[in-house]
Amino acid sequence: MAKDTHDILLQDDHLIQSFADLNGLKAQGARTVISKAKGAYVYDNAGTELIDGIGGLWCVNIGHGHPEMIAAITEQLQTLDYYSTFYNFTHPTAAALAAKVVELAPGHLNAVHFGNSGSVANDSAIRMLHHYNIRKGRPEKKMVLSRQGAYHGSTHLAMAMTTPLYSEGWHCARELVHHLHSPHFWREGAGASEAEFLDALMEDLSGSIERIGAENICAFIAEPIQGAGGVVTAPAGYHKRAWEICQANDIKYIADEVVTAFGRLGHFFASEDVFGMVPDIITTAKGLTSGYQPLSATIVSDEIHDVVSGPDGMFLHGMTYSGHPAATAAGLANIAIMEREEIPQRVRTTGGYFEEKLRGLSDIEIVGEVRGSHFMMGIEFTRDRASKESFDADLQVGLRVAQACQRRGLIARPLGNVLILSPTLIMDHAMIDRVEAILREAILEVAAGL
């Protein structure tokens, strides 16, 4: 295995990287080789220390290189390296993790299907509901309501549920999905109060159900906070009211907690504890193992499970690596660490401080809006804050700020004119102060160059 950066990048020429400008990556210095990680930090191949301000990819909640996690995975591989949860087979860690996940999940969500990514978890939710409705004698009930600005994954169906911006130039299962209006009040609610904007969103939901027909709609899917769509928080009360409308129309509510679960908002699950409702399905991944192993979960209600597990039918869905022993061992160890170290409880304090410090960046002229909650934050840059006029895309303001941050020792994620921060959940107040200082310097540097 190559160790020299030049040699690594020569080998990397054969790698198709995800969500990247593949042509742009050919430029000198466009790629960063990350070769080591520990705690809240990662290190490039030259040994430069960088605060992992994106937590890997919304996922390294307990921090990098936790010895207990590594030991649990190693021990599992030495005991049972692989066996499937297909047919009549199971194994101890898959069973134990399923029991632990439903113990943490709210309400009547007492059955779990494991996959290996958030995309798979969301595809599994829809496939399950399609099967559920076929078994109930209503195969036409298969449409999905999603939202502009949503991100639900990159597989064929999950990409259709994602905001259309991400599928431009690609085919996906668009015929199955209807996108509702974006819940972004700051950007979309001009001339209305937040309460009036919320009413308009609920009218859009109700009107869409009436036009499409509730008998044709299987589910409404929503992230508690939209992630890769720009870290958008809906108006207060949005999710509970949407849930009520879905319940009244016999439409299942899927909460995509791929990002928000396992501590990012201060709770193991956010749907009930933060947003006051219990969905019919919760999907999760990322923080489930803190990224140490690929694992996702589709957690379904007793009522759905009773139908799909009833007599005279096979559950014809699953993946080779569903419930992989090493991955489920990582999930168990991750939860044990989070419970013992009280990470979700700490996030309610440190995450609140992080949010407060980032909102203080609003005194910089090009910062249009700072939004999000706890350790899930977005900073949108505007040419004019009052009019909310965006910078031209070719200025790449988000990317320029991210590059200025990296030069100062912080990794942040650019998304057009938005900068996303989703760090590990173990940052203390001193590190948060350092992150805020780096952000301030970086934003001021870029602003001066505009």
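The values are calculated or read from the model by the stated rules, or taken from the named source; none is laboratory data. Model, not experiment: these values are computed from the prediction. Cβ placement follows ideal geometry from the backbone for every residue including glycine, while neighbour counts extend to all protein chains displayed.
Could you tell me whether the stretch 389-396 includes any residue that is within 18 Å of Gly360 (Cα to Cα), aromatic (Phe, Trp, Tyr), out of contact with any Asp or Glu (no Cβ under 8 Å at 6 or more places or on another chain) and at pLDDT 95 or above? No, the conditions are met nowhere in the stretch 389-396. Checking the structure you have, find out if any residue of the stretch 156-171 is in a helix (DSSP H, G or I), over 21 Å from Gly230 (Cβ atoms) and touching a Cys at 6+ places or on another chain (Cβ under 9 Å). Yes: one or more hits. Put simply, of Asp312, Asp280, Asp302, Asp273 the only residue that is free of Cβ contacts under 8 Å to residues at least 24 places away in the same chain, within 26 Å of Phe114 (Cα to Cα) and outside the structural domain of Gly53 (by TED's automatic domain parsing) is Asp312.
Scanning the stretch 32-57 for residues that are touching an Asp or Glu at 6+ places or on another chain (Cβ under 9 Å) and either more than 30 Å from Ala261 (Cα to Cα) or at pLDDT below 95 (or both) yields one hit, Asn45. Among the candidates Ala242, Ala248, Ala190, Ala158, the residue that is among the small types (Gly, Ala, Ser), under 16 Å from Leu145 (Cα atoms) and surrounded by fewer than 23 Cβ atoms within 10 Å (Cβ to Cβ) is uniquely Ala248. From the list Ala234, Ala228, the one residue that fits, being modelled with pLDDT of 95 or more, under 22 Å from Met277 (Cα atoms) and not assigned by TED's automatic domain parsing to the domain that holds Ala412, is Ala234. In summary, strands (runs of 3 or more DSSP E) completely within the stretch 28-88 and bearing 1 or more residues that are β-branched (Val, Ile, Thr), under 24 Å from the mean Cα position of the chain (by Cα) and crowded, with 19+ Cβ neighbours inside 10 Å occur at 41-44, 49-52. State all residues of the stretch 126-166 that are among the basic types (Lys, Arg) and under 15 Å from Phe220 (Cβ atoms); if no residue qualifies, say none. Matches in the stretch 126-166: Lys141, Lys142, Arg147.
When restricted to residues that are part of a loop (DSSP other than H, G, I, E, B), out of contact with any Gly (no Cβ under 9 Å at 6 or more places or on another chain) and polar (S, T, N, Q), the stretch 300-341 contains 2. For the stretch 339-349, taking the residues that are over 20 Å from the mean Cα position of the chain (by Cα) and within 17 Å of Pro423 (Cβ to Cβ), the one that is surrounded by the fewest Cβ atoms within 10 Å (Cβ to Cβ) is identified as Thr349. Looking across the stretch 315-351, just one residue is in contact with a strand residue (DSSP E or B) (Cβ under 9 Å, 6 or more places away or on another chain) and not assigned by TED's automatic domain parsing to the domain that holds Ser290, and that is Gly351. Any residue at all in the stretch 92-107 that is at pLDDT below 95, outside any helix (DSSP H, G or I) and among the hydrophobic types (A, V, I, L, M, F, W, C)? No, the conditions are met nowhere in the stretch 92-107. For the stretch 394-450, the set of residues classified as basic (Lys, Arg) and over 21 Å from Gln226 (Cβ atoms) consists of Arg400, Arg407, Arg408, Arg434, Arg440, listed by residue number.
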